[in-house]
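Only the coordinates and a few stated rules stand behind these numbers; no lab work does. As the structure is a computational prediction, the values presented were derived from the model and not from experiment.
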Amino acid sequence: MTSWLLLTAADAASSAAASAPEGGLFDLDATLPLMAVQVVILTFILNALFFRPVGRAVEEREGFITTSRAEAKKKLAQVKRLEADLTEQLKEARQQAQKLILEAEQDSDKLYRDALASAQAEAIATRETARREIESEKDRALGALQVEAERLGSLIVDRLLAAS
């Protein structure tokens, strides 16, 4: 159809050129409305074949981008909320860990003090037992020495009396 219009326009232009007087800047004849019709028809054809599908593709792309951005914002908000929750859980876990460490230190300190007190009590008891044993041995030794001294003293007295 476009070629028919072009041929018609060319014939009209040649016939108009033959009958029109020369010398004007523009020749206003039948070619101007024919060209206007051709531009309008070409616009409709281009719009139907190229611009509408491209426009639809652009609109679909914009819709996809809009929904993707909305989903990304939702996911970002969810990530921030989860990050805040995890930060709070981590803070609580650290506090509990510090509390457990403090309790363990207190328990170990108490066990250390109990063991130290027990060891000191046992050492005191052992020292007391040893002191008593030493005292009893000392008393026995003194008793034995006393008996021996008396025996020796009486032996010396007997010999001195016998010698005199």
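Data overview
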{"quantity": "Segment 35-163: C-alpha gyration tensor shape, a/c 1.5 cut-off, then a/b vs b/c", "calculated": "prolate"}
{"quantity": "Contour excess over end-to-end distance, with Cα ends at E148 and T67 and 0.36 nm allotted per residue", "calculated": "17.4 nm"}
{"quantity": "Cα-based reach from K99 at 17 Å (exclusive), listing aspartates and glutamates while leaving out same-chain residues under 8 positions away", "calculated": "E88, D107, D109"}
